[in-house]
1. Exactly one condition in (1) under 22 Å from residue 145 (Cα atoms); (2) buried (at least 19 other Cβ atoms within 10 Å of the Cβ); (3) under 24 Å from the mean Cα position of the chain (by Cα) is false for residue 111; which is it?
2. Look at residue 102 and say whether it is under 21 Å from residue 276 (Cβ atoms), in contact (Cβ under 8 Å) with a residue 40 or more places away in the chain and assigned to a strand (DSSP E or B).
3. Quick one: which residue in 181, 171 is surrounded by 14 or more Cβ atoms within 10 Å (Cβ to Cβ), in a helix (DSSP H, G or I), modelled with pLDDT of 90 or more and on the phi < 0 side of the Ramachandran plot?
4. For region 3-20, check the following and say yes or no: at least one residue is free of Cβ contacts under 8 Å to residues at least 60 places away in the same chain, within 27 Å of residue 128 (Cβ to Cβ) and touching a strand residue (DSSP E or B) at 6+ places or on another chain (Cβ under 6 Å).
5. I'd like the full set of residues that are under 19 Å from residue 266 (Cβ atoms) and touching a strand residue (DSSP E or B) at 6+ places or on another chain (Cβ under 7 Å), limited to region 194-215.
6. Within region 270-299, work out how many residues are in a helix (DSSP H, G or I), crowded, with 16+ Cβ neighbours inside 10 Å and over 18 Å from the mean Cα position of the chain (by Cα).
7. Condition check: more than 30 Å from residue 200 (Cα to Cα), modelled with pLDDT of 85 or more and buried (at least 18 other Cβ atoms within 10 Å of the Cβ). Does residue 74 satisfy that?
8. Do we find that residue 160 is loosely packed, with under 14 Cβ neighbours inside 10 Å, in contact with a helix residue (DSSP H, G or I) (Cβ under 6 Å, 6 or more places away or on another chain) and in contact (Cβ under 8 Å) with a residue 12 or more places away in the chain in this structure?
């Protein structure tokens, strides 16, 4: 490439987004563009540079050696541009911008939706996209810069992010209303080893907190008789209602079923488990919009 050639910033952003999603279609959805538009942007960048950046064999997208060489430079250019925009935004009283907020299941489905409406009324020039992932994925999204903020029910140690305790969630252990465990005055973790358990998938914050609790109670999580792994807390409640076994879910999720009497709380002395919710932030300067949302959540959740 000659030194006088100019690379289009939009093309660089599209290239980085495709690499981060490993998919043209997923990148297109995240950018609000059509897939052909994303493909054309990448092809134009490759034509400008005279190299192949992405290998599209067998419906898979793999980055080439040239693409790996360009990637850190492209990210640096985009970060510098974001920094310039932030500096310019700070000259104005109006908070603008778009945010991707990644959240694990409980905060993403029960906590944040009721709070974001008030924030958007206060800051109408800001756009927020809320997406739900498991805890490990939320951390990954914030760590990579794909999401500007995150919220989870557990920490992943060693991740290159900042955590701030913000609000809390209560986990309850539930069973069918006619379960034999309800006849006991007190249940201990050691009494539960032979019970069929329905748990969240690996990577779920609910599962991480529950497994830490039973370790403290003297039980190795590997000793539990896990009969089913499910992707949502609602699915666990349904399985427990159907008599499939014992489960641990957020009280927000179980509350309706408890009131209806279709499930009951297991009388285990450690429950409910009060777990903090964590705001997950990158180790970089927040955009003005992200900073405004953080301040709003601190006030709303009483931190």
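1. Every condition holds for residue 111 apart from (1).
2. Against the criterion (under 21 Å from residue 276 (Cβ atoms), in contact (Cβ under 8 Å) with a residue 40 or more places away in the chain and assigned to a strand (DSSP E or B)), residue 102 qualifies.
3. Answer to the selection: 181.
4. yes
5. Passing the criteria: 194, 195, 196, 197, 198, 199, 200, 206, 207, 209, 210, 213.
6. The qualifying residues number 5.
7. yes
8. Judged against the criteria, residue 160 is a match.
The values are calculated or read from the model by the stated rules, or taken from the named source; none is laboratory data. Remember, it's a predicted structure, so these values are computed and weren't measured experimentally. For neighbour counting, all protein chains shown are included, and Cβ atoms are generated from backbone atoms with ideal geometry for every residue, glycine included.
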